[in-house]
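The values are calculated or read from the model by the stated rules, or taken from the named source; none is laboratory data. Keep in mind that this is a model prediction, so the values were computed, not measured. Positions of Cβ are backbone-derived with ideal geometry, glycine not excepted, and every protein chain shown enters the neighbour counts.
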Amino acid sequence: MAQTLLIYMVILSLWAFGAMGYDKRQAKKKRQRVPERNLWLLALLGGGVGAYVGMQFFHHKTRKTNFRIGFLLLMMIDIVLLLAIYGVKLPTTVTF
């Protein structure tokens, strides 16, 4: 199950990364864009890592606070979920 989820999330992340790059290229050419709803859907369904990395790599949607914060949170949720499924112990307290 863990490996299947990992493959699923990698595929969605690659798709989200590609969608961000495609949308950026379309924006530069003033052509038909990828709807924001589709970008959010890809990130919500498990492509949060690819969406966030694509946003940073292509410098796309970086001025929109809801994308910056939302994609970052979805990326963190995806990573924590994978770590938990693979049995990695996460720290429960922080000491200084």
(request) Sort through G21, G70 and tell me the only one that's under 18 Å from L81 (Cα atoms), without any contact (Cβ under 8 Å) to a residue 40 or more places away in the chain and among the small types (G, A, S). (result) G70
(message) Regarding the range 37-46, can at least one residue be identified that is in a helix (DSSP H, G or I), crowded, with 16+ Cβ neighbours inside 10 Å and in contact (Cβ under 8 Å) with a residue 60 or more places away in the chain?
(response) no
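Do we have V34 as at pLDDT 95 or above and either in contact with an Asp or Glu (Cβ under 6 Å, 6 or more places away or on another chain) or surrounded by fewer than 20 Cβ atoms within 10 Å (Cβ to Cβ) (or both) here? Spell out how you get there, then give the answer.
Numbers: at pLDDT 95 or above: yes; either in contact with an Asp or Glu (Cβ under 6 Å, 6 or more places away or on another chain) or surrounded by fewer than 20 Cβ atoms within 10 Å (Cβ to Cβ) (or both): yes.
When the stated conditions are applied, V34 passes them.
Is it the case, given these coordinates, that F57 is aromatic (F, W, Y), more than 9 Å from the chain's Cα centre (by Cα) and crowded, with 17+ Cβ neighbours inside 10 Å? Steps first, please.
Numbers: aromatic (F, W, Y): yes; more than 9 Å from the chain's Cα centre (by Cα): yes; crowded, with 17+ Cβ neighbours inside 10 Å: no.
No: the conditions fail for F57.
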(message) I want to confirm something. Restricting to the range 57-90 and keeping residues that are of a type in the set (D, E, K, R) and touching a helix residue (DSSP H, G or I) at 6+ places or on another chain (Cβ under 6 Å), which single residue is modelled with the lowest pLDDT?
(response) K61
